[in-house]
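The values are calculated or read from the model by the stated rules, or taken from the named source; none is laboratory data. Keep in mind that what you see is a predicted model, and the values were worked out from it rather than measured. Because the Cβ atoms are built from the backbone with ideal geometry, glycine has one as well, and the counts that use them run over all protein chains shown. Heavy atoms of the whole protein, side chains included, go into the accessibility calculation; ligands, DNA and RNA do not. Shrake-Rupley method; radii C 1.70, N 1.55, O 1.52, S 1.80 Å.
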Amino acid sequence: MASPALRRMLGSCRLLFLLHRGSSSSSSTRGGTGSGSLTKQAEANAATDWKKKLTPEQFYVTRQKGTEPPFSGIYLNNTESGIYCCVCCSAPLFSSEKKFNSGTGWPSFSEAYGTCGRDESNANIMRRPDNSLGSTRTEVVCKQCDAHLGHVFDDGPPPSGQRFCINSVSLNFRPGSGQ
């Protein structure tokens with residue numbers, strides 16, 4: 001049996017570990033699997049903040065990984081020059097120069113803003129596996145705030161061969177040169 005001093009020391013170490021684990025994931029809603037109350041509280045606070053900033057539809061799509069109905073988005077038929085930015089954090093995501101009509105019902109882009117060839121290290125998007133509908137797709141999220149944007153498929157036009165199928169509601173359009 002451990003001495004009282006050893007038990008206090010182990011208890012303090014366990015508390016420090018839990019606090020560290022909670023603080024390393026509490027500033028983000030990405031994990032969502034933490035069991036500590038600090039993490040759950042931070043996630044609840046973040047969700048409340050997003051609900052205050054976004055419309056219910058924007059919140060559903062960007063924070064809960066929803067999808068807007070096809071052919072309903074405000075930017076589907078937009079042909080103006082400019083940059084499409086994240087509705088949550090305003091990070092530039094896609095250029096109008098890479099937008100095309102895919103006929104799918106969502107705005108489509110052949111590459112992300114800041115992409116150089118296949119190098120997306122300077123782009124504000126990340127790709128993640130998505131198995132939510134029983135098949136494997138690739139989710140596209142904002143690198144800055146983790147907002148769900150849509151999905152990317154390998155059936156786009158040359159030279160990239162990619163089709164970023166993006167929800168209009170996850171975007172804000174900034175008119176301009178598109179570069």
Please list, in order along the range 159-168, the HN-Hα scalar couplings obtained from phi with the Karplus expression 6.51 cos²θ - 1.76 cosθ + 1.60 (θ = phi - 60°), rounded to whole Hz, x for Gly and Pro. x, 6, x, 10, 10, 7, 9, 10, 5, 4
Neighbour net charge for Ser95 - beta-carbon separation under 13 angstrom, K R +1, D E -1: 0
What trypsin sites (Lys or Arg not before Pro) in the range 112-169 are in a loop by DSSP, with at most 13 other Cβ atoms within 10 Å of the Cβ? Arg118
Note the full-extension length gain between Ala44 and Glu57 as 0.36 nm times their separation in residues minus their Cα-Cα distance, in nm to one decimal. 2.8 nm
Diffing the range 172-177: the Karplus 3J(HN,Hα) column from phi (6.51, -1.76, 1.60, θ = phi - 60°), in whole Hz with x for Gly and Pro, holds 10, 9, 10, x, x, 6
Need the full-extension length gain, Thr67 to Leu133, defined as separation in residues times 0.36 nm minus the C-alpha distance. One decimal, nm. 22.5 nm
At 1.4 Å probe size, with the rest of the protein present, what percent of the exposed accessible area of the range 37-92 is carbon and sulfur atoms? 54
Could you work out how much longer the chain between Asn122 and Phe153 gets when fully extended? Use 0.36 nm per residue separation minus the Cα distance between them, nm to one decimal. 9.1 nm
Non-local amide H neighbours of Ser160 (under 5 Å, H modeled in plane, Pro and chain starts lacking H): which ones? none
For the range 60-179, what does the alpha-carbon gyration tensor say about shape, rounded, prolate or oblate, given a ≥ b ≥ c as the root eigenvalues, a/c under 1.5 as rounded, and a/b over b/c as prolate? rounded
Rounded, prolate or oblate, given the Cα gyration tensor of the range 139-179, with a/c below 1.5 counting as rounded? oblate
Amide H to amide H under 5 Å from Ser102: which residues, 5+ apart in sequence or cross-chain, H placed 1.01 Å off N in plane? Ser108
Take each of the peptides 41-54, 84-97, average the number of other beta-carbon atoms within 10 Å over its residues, and list them starting from the highest. 84-97, 41-54
Across the range 84-101, in residue order, what do the Karplus-derived ³J(HN,Hα) couplings come to in whole Hz, using 6.51 cos²θ - 1.76 cosθ + 1.60 with θ = phi - 60° and x for Gly and Pro? 9, 10, 5, 5, 7, 10, 6, 5, x, 10, 9, 9, 4, 5, 9, 7, 8, 8
